[in-house]
Structure formats: structure tokens, C-alpha cells
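Encoded as C-alpha cells, the structure appears first; notes follow it.
The values are calculated or read from the model by the stated rules, or taken from the named source; none is laboratory data. Just so it is clear, the model here is predicted, and its values are computed rather than measured. Cβ placement follows ideal geometry from the backbone for every residue including glycine, while neighbour counts extend to all protein chains displayed. Surface areas here come from the heavy atoms of the whole protein model, side chains and all, with no ligands, DNA or RNA. Shrake-Rupley method; radii C 1.70, N 1.55, O 1.52, S 1.80 Å.
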Amino acid sequence: MTSASPSRRTGTTVIIGGVAGGMSAATRLRRLDESAEIIVLERGPDVSFANCGLPYHLGGVIEQREDLVLQTPAGLGRRFRIDVRVESDVVAIDPIAKTVTVGPINGHEYAQPYDQLVLSTGAAPIRLELPGAERALVLRDLDDLDRIMAALSTSPRSAVVLGAGFVGLEVVENLVHRGVAVSLVQRGEQVLMPLDLEMAELVARQLTENGVALHLDAAAVRMDEDTVVLDNGAVLDADLVISAIGVRPETELAIAAGLRLGTHGGIAVDAGLRTSDPFIYAVGDAIEKVDPVLGGTRLLALAGPANRHGRLVADAIAGLPIEAGPSAGVAIVSVFGLAAAMAGANEARLRAAGRRFRAIHTHPSQHTGYFPGARRLSLKLLVDPDTDEILGAQAVGSEGADKRIDVIATAMAAGITASGLAGLELAYAPQFGAAKDPVNMLGYVAENQRDGFDRTIQWHELDAALAAGSTLLDVRAAGQLAEGTIPGARWIPVEELRAYADELTGPVVVHCRVGQSAHTAVRLLGELGVDAVNLDGGYLTWRDGMSARARIHRSTPRPVRTIRKREDMHSIIPVDLAALGSEVSILDVREPDEYAAMRVPGVVHIPLGELVDRLDELPSGRLYVMCAAGGRSARAVEWLEQQGRDAVNVVGGITEWYRDGLPVEQGALR
């Protein structure tokens, strides 16, 4: 909290760097002190632009480049009497003399005195060091945007994007919107590393279903004139290459000035955003932020904290008491209409820190199921098993993810426990939520676990439990089995469980679709003396986790060629394929667990990753290629045609086949 008015006149404040942190500081300081001399020194030509909107100009979502320019030096001068100097590169700081050296401009340098100095230098894209890397474009500012737009004006057919973080995913989506065939290369085993593996799988699936060729656990080793070579031997078509492998804090000026750095290489600041020099402050992506979950500091390149810290540092300069507080890393990204949001720590960071946690997965609709437009929302909550503290949260869905992650992030900041989510009073109408909102439901589950009413195991712990002798019990309704099954499960609907309870001995792992019916079953079995635990998140979480594992180890056909635009590819819908009769050859390229759960009778099954090695097993003549929804089969058709085969993509895959009421075979469970 701050007092009503500043306590001193501020003299001359020099701010190095504009955009979020720097301009927030400058404009706030003017509002607090009309007498202040405020000078902003910006290395580039633009001092205030919407860097978070840059990817969306690539795809035409933001049509006009000028819409990304938020303020001009002239406008800032007229409105706020701020001296904005663009294309002014600060090359040195002299903390003793309290000056910065600017230039050379027009062949000469000059020294600018300051009473207070604010560093808002931001973070720079990490540059690749490999043969041909000069081809790779980056996207940080408007100049970068102009370079990419110039490259797109040549109508490239293919692009490789390196890095599957926030910027990389947004660039991929917008290139696809332009009709470019895109390969996305990620060094790690999943996209969007702040998510956990099973949650990130939902994003990966969205990418592949929209025609993106995804290459996980891979890295570029060479860039040639129109290809990118990966360390696994794959060769990707690449008329255009964009690198989004991450950023590093720009600290060169701070280091040269003798300022202290933090443990992760960012500028160290105190709670008042002051550096190790009492007259120099720092904000934004260049500084280390306090981690509210694990303690210590971390690097976070996010617009929200940068804007907030810019405002706070102006208060501090004006003599108002401030405390920057920790940053939980609350963030969100959209991928072809699917939102992925997160706050706090994920499992990987908690494990690395040796922190105990309990995980909760739920899969509600974003609003009441009976109201039109209900869509699945996958939520994950990480909880301290001893204190009930919320350690982290993740949300993935086409609607409602932003609202839920913001509520949970606010609860974390307020010190509300996981069980305390159950008591939150949230706005409700059928088209907006539920009387028991998905956030409340997380609280109910946490409350049950805290009180010992719901013992759970995680999807990745199931194999070990079964190997140790547990029985797997599926209590879903019959109509839910078409989604797929977990191998080895015995099916007893929860309504029939009492009749079969005496047949269940020893430890039992119970699963349903999302975990709710299994909770009912576990409570019933416990009352009947059966040792039972709930598979957290049910079949959906297990399926997502296992699909993610399979994706990591799935080999990619070589030589790899990115897929063409869908309208250029031979395709057919399921009902038309069925009308051709039983003599046609259908190839199913899904994973074995998907195939075992449900399949079209008489198809040839070869997983996509095995297609190269098993090409000679394919029947002659035209092949109709099928997967779950059409994404993987499109990649297979592209590759098969390169081998001289006549192949047709089944649009909508087995999902549409089943929805059309066409015949399927399903794995036996009972």
C-alpha cells in the first residue's frame, strides 16, 4: 500500500529502456511529480509498443502494424512532458559520477547526469550458434517483426520454428493461419515447459490436429539454404526459420557498473526494486523476482510483473513506501483456440527443490453441462500435503481457463489454502459457470484428501501399483467405454459394484472417466472392507499422460517433409469411405493403446512412428489413412505420397467414424 502523496521532489530520473517497465515508470512518476525531469533512453526506434501482440500481426489477426505502436516520443512529450530519446544506446554507467554515456550518435558520445537511474533493459533472444544460424529470425521488437513480414512477403511454403514456449507457439499458430506448413522443434520432451507432461499433451495434440509437424526431444544442428537438419537426422523443409528458444536478461550495463547479479544471472534487487547501488533501480525482465512457492529468486519474462514493477519503482523514487512482493509466474497462451494457463510451481520444479506435494486433476466443463456450448476444461492443482498450501495450478481448455487460473492465483496471493477453494463464493449463471464452480470442486477434492476421505495415485504410478499386485477396476458407464480403456482393467459400473464387492480382494485401483465416480466407488469399497485407491483424474488424465509418453518416443519418418495445406491433400470423410465397401485398404496410424480401445474392422494397424520401417507391410493400391481426428494421418499421407504411394486422408478419423454410427470393434474389458 502507498500513502496519498509523494514525500519528495525527485530531480532527474533517467530510465534506460522503454516498453512495459520503463514507460510505466516514466508515466507514473510524472503523475506523482510534475517538477521532475524524466528522460527515457531507448536503443531502438520505438519506445512503446505491444510486444505481446507481435505474433498476431504475422497471421493477420492484428491487421495494421501501426495498431501495435502504443505511444510515440512526440505524444509522450505532449501528454506527460517526458523527454524520450529513441535510437539512444547507453554504452556505460558511471555510478560514482552518476552519469550514463549515450552514443555514439552522429559520431559523438555524451554524458547524461541522473539523480536516480532505472534499468529497464529487458531480455534478449538467445541466439543459436550452429552452421547457417544467421538464417534464423527472432521476434522481440518491431524491427524483428518487419524482417519476418518481409520474409513472408516472398510466400514461403514451409517454416521451421525452434522452441515451443509462449512466443514459439504463437508464431506457429499465426504462420499456419497464413497457409505456411510449419514444423515445430522442441529440445525438451514436451511443449510449454511450465506445464506438466500430461497437461502439455493437450497442447501438443492441438498442434498436431491443426497440421503442425511436432518434433520433440530434438534440436537443430545445421541450417542449409532451404532445410533445417536435426540432431536425430531429420531434415525439415524450411523456406523460413524462426528461433524462439528463450531469452536471457540484458545485464551487460549492470555488470560493467559493478551491480550485483542474482543466482540466475539477472540483476539482484531488494523489495524496493533497488539494486546494490542505492541510486540505481531495476525492473522488468532483466531482474530476478522472488519465488513465492520455493523461496529464493527466479527469472520471469512476463509483461504483468514488468508493468507493475515500473509503477512501483516510480513510487519508490517519489519517496512512497513500496514492497514489490513475489511473482508467481501467472501466465496464459492460446494455441489454435485452446488456452493453457499456469501459476506457481509445476511438478518438475517441486521435485527439483525436494518439495513434497500432492497432485489433483479434474476435468469439468467450463459451465453447466446442460447449457449449450459446454466444453471440457482440464485443471491441475499441486498442494502441500502437510500445510494444504497451494503450490501451483494449471488449466487447459478452449474456454474458462483464464478465469480459473486467475481465481487460484489470487487465492495463492491471499494465502487461501487448497481446501479453502471450496468456500469461495464465485459468480454463477449456467452460461458462465456452475453452482459448484470448477475451482470449488478442486477445493472439495483437496478437502477430501486432507481429511483422508480420498486416497489417490497418479497416472504415472499405475504401472508400479499393478506390478505390485493391485487390481484395476473401471467403474465407468457403458456409454463411456468407447473413449478407450486401460489394458487389464475389469469393468464393473459403479451402480453394480455392491453385487461384485465380495470378488474384490487385495489392493484395488479404481478409475472412472475423470475421478468423481471412482471417488464414490472407493468410499463404498472402503465401507465394505476393501483396500481401494482412486486413480486421480481418471481415464482422461491417464490417457493424456500415456499419450505424452508415446509422443516422446515416437520416431518421425525420414526424410521429413512438412505437410501441405489440407485443401491440397486428397481426403475423404468417413461416411463416404464406408460407402466404398469392404474391399478398400484402410491404414490406422494411431498408437497401440488407442487402437486396442476402438478400431474400424479389418484395418491395417501401423503406428505413425513405425511407418518407415514397416512400409513393405502395406497392401498395394490406394490407402485410406486414419488416426484419431485427422492430424497424424495427414502427416502419414504426405510421407506416403513422397514414397510414390497413392494415399488419402480420412478427415475426422475414427472420432467422426464413431460419431457417424459406423461399425467399430472395441477391446473386451470384462
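Quick rundown of the values:
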{"read-out": "Scope the stretch 466-485; condition assigned to a loop (DSSP other than H, G, I, E, B) and within 33 Å of the chain's Cα centre (by Cα); matching residues", "value": "VAL475, ARG476, ALA477, GLY484, THR485"}
{"read-out": "Filter result for the condition that a residue is closer than 27 Å to LEU175 by Cβ and either modelled with pLDDT of 70 or more or of a type in the set (D, E, K, R) (or both), over ARG564, ARG599", "value": "ARG564"}
{"read-out": "Checking VAL290 against (1) β-branched (Val, Ile, Thr); (2) farther than 19 Å from VAL138 by Cβ; (3) touching an Asp or Glu at 6+ places or on another chain (Cβ under 8 Å), the condition it does not meet", "value": "(3)"}
{"read-out": "Output for the stretch 25-55, where each listed residue is more than 30 Å from MET149 (Cβ to Cβ) and in a loop (DSSP other than H, G, I, E, B)", "value": "ASP33, GLU34, SER35, ALA36"}
{"read-out": "Meets criteria (of a type in the set (Gly, Ala, Ser), under 30 Å from ARG9 (Cα atoms) and out of contact with any strand residue (DSSP E or B) (no Cβ under 6 Å at 6 or more places or on another chain)) for ALA352", "value": "no"}
{"read-out": "Flag for SER158 being surrounded by fewer than 24 Cβ atoms within 10 Å (Cβ to Cβ), under 12 Å from ILE242 (Cα atoms) and not aliphatic (A, V, I, L, M)", "value": "yes"}
{"read-out": "Only listed residue being farther than 23 Å from ALA282 by Cβ, touching a Phe, Trp or Tyr at 6+ places or on another chain (Cβ under 9 Å) and open to solvent by 30 Å² or more (accessible area, probe 1.4 Å), chosen from VAL69, VAL61", "value": "VAL69"}
{"read-out": "Residue within the stretch 211-228 that is open to solvent by 10 Å² or more (accessible area, probe 1.4 Å) and out of contact with any strand residue (DSSP E or B) (no Cβ under 9 Å at 6 or more places or on another chain) present", "value": "yes"}
{"read-out": "Residue list for the stretch 486-526, filter: in a loop (DSSP other than H, G, I, E, B), at pLDDT 95 or above and open to solvent by 50 Å² or more (accessible area, probe 1.4 Å)", "value": "PRO507, ARG513"}
{"read-out": "Scan of the stretch 324-340 for residues that are over 16 Å from ALA200 (Cβ atoms) and crowded, with 23+ Cβ neighbours inside 10 Å, ordered by number", "value": "ALA328"}
{"read-out": "Filter result for VAL91 (open to solvent by less than 40 Å² (accessible area, probe 1.4 Å) and in a strand (DSSP E or B))", "value": "no"}
{"read-out": "Selection count where residues are open to solvent by 30 Å² or more (accessible area, probe 1.4 Å), outside any helix (DSSP H, G or I) and touching a residue at least 60 places away in the same chain (Cβ under 8 Å), scope the stretch 406-434", "value": "3"}
{"read-out": "Residue within the stretch 131-145 that is assigned to a strand (DSSP E or B), crowded, with 22+ Cβ neighbours inside 10 Å, more than 15 Å from the chain's Cα centre (by Cα) and of a type outside the set (Gly, Ala, Ser) present", "value": "no"}
{"read-out": "Failed item in (1) under 30 Å from GLY168 (Cβ atoms); (2) in a loop (DSSP other than H, G, I, E, B); (3) open to solvent by less than 50 Å² (accessible area, probe 1.4 Å), with GLY22 passing the rest", "value": "(2)"}
{"read-out": "Residue within the stretch 31-50 that is over 17 Å from ASN307 (Cβ atoms), out of contact with any Asp or Glu (no Cβ under 9 Å at 6 or more places or on another chain) and loosely packed, with under 15 Cβ neighbours inside 10 Å present", "value": "yes"}
{"read-out": "Residues within the stretch 146-196 that are assigned to a loop (DSSP other than H, G, I, E, B) and of a type in the set (Ser, Thr, Tyr), tallied", "value": "3"}
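Listed here are the residues, each with its yes/no results for (1) in contact with a Ser or Thr (Cβ under 8 Å, 6 or more places away or on another chain); (2) open to solvent by less than 20 Å² (accessible area, probe 1.4 Å).
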| site | (1), (2) |
| --- | --- |
| PRO305 | yes, yes |
| ILE322 | yes, no |
| MET342 | no, yes |
| HIS363 | yes, no |
